[in-house]
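Here, each number is a calculation from the coordinates, and none is a lab measurement. Since the structure is predicted, the reported quantities are computational estimates derived from the model, not experimental observations. Using ideal geometry, Cβ is built from the backbone for each residue, glycine included, and neighbour counts are taken over all protein chains shown.
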């Protein structure tokens, strides 16, 4: 199972174009850019794990990187680009080879397929939204973000999930959630296109962002997922649906001890995908 690195990056220069950084990274030896996207909005905030820096830092770039040769340096990001980075949050994740092999074709198909119609759940939820989106429900703040992003980017969005499970049954409960999620999200065009288990780095010299190298797995993130939706409206339509909230309450909420959910937009979609 190949180990990839997930990165959240902040730049020294806030005016630096993240797309320029990504293009330089793409021509660097030893690294393959699997996902590159612009962080837009934190939908669900972590409550115990790494709230600082996850919530206190303004992130400019999300990357999922795959090494293409033996890594000698602590970071897969070349030293020539390191000077542009002021802060980094890094996680090592094992993603099945089968998912990675089929990813380019699946990803392209998802980004170019016609979006399904909304179910109408959003119309009702605008009149009775929740105070917060912490339990993955529609809140006034999320609706305001949805309306703003729809004007600016009425195209596919990519959700990053960091997952920390209750021990010992959380992973089992989340698997049940994942199975139920497939048809519920699928009718809104949602698709968990990459899922991986968080793994320990091979050495302390190549450590990730966990507090210490020997930190037990029960005390840090256990899994990551990267999920596609045809638009932010489709994502919110799902959250507003009774069918989703049923599986959310039955499986997801009791599985998770902590979570971080970040809405991003991928650069290839920003540049080349026709508006919905």
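Each residue of segment 119-195 gets 125 Å³ once the volume of the Cα convex hull is shared out per residue. For the pair segment 167-203 and segment 213-273, the centres of their Cα atoms are 9 angstrom apart. Cα axis of helix 170-186 to longest principal axis of the chain: angle in degrees, 0 to 90, nearest 10? That helix lies at roughly 60 degrees to the long axis. Residues 198, 33, 138 in ascending order of nearby Cβ atoms (within 10 Å, fewest first): 33, 198, 138.
Structural descriptor for segment 3-272: relative contact order 30 percent, calculated from alpha carbon pairs under 8 angstrom and at least 6 residues apart. Relative to the longest principal axis of the C-alpha atoms of the chain, give the angle of the C-alpha long axis of helix 97-112, reported between 0 and 90° and rounded to the nearest 10°. Its long axis makes an angle of about 50 degrees. Neighbour counts of C-beta atoms inside 10 Å place 40, 188 in the sequence 40, 188, starting with the fewest. Angle of helix 140-152 to the longest C-alpha principal axis of the chain, folded into 0 to 90 degrees and rounded to 10: 70°. Taking other C-beta atoms within 10 angstrom as a stand-in for reagent exposure, 133, 80 fall in the order 80, 133, fewest first. One way to sum up the overall shape of segment 182-276 is the equivalent ellipsoid from its Cα gyration tensor, whose semi-axes run 30, 20, 10 Å, largest first. Modelled this way, with points 7 Å down the Cα-to-C-beta line, the labels at residue 271 and residue 126 are 3.5 nm from one another. Evaluating kT/(6 pi eta Rh) at 4 °C and 1.567 mPa s, with the Kirkwood radius of segment 30-181 over Cα pairs in the Stokes-Einstein relation, gives 69 µm² s⁻¹. For segment 3-272, the fraction of C-alpha pairs more than 29 angstrom apart is 30%.
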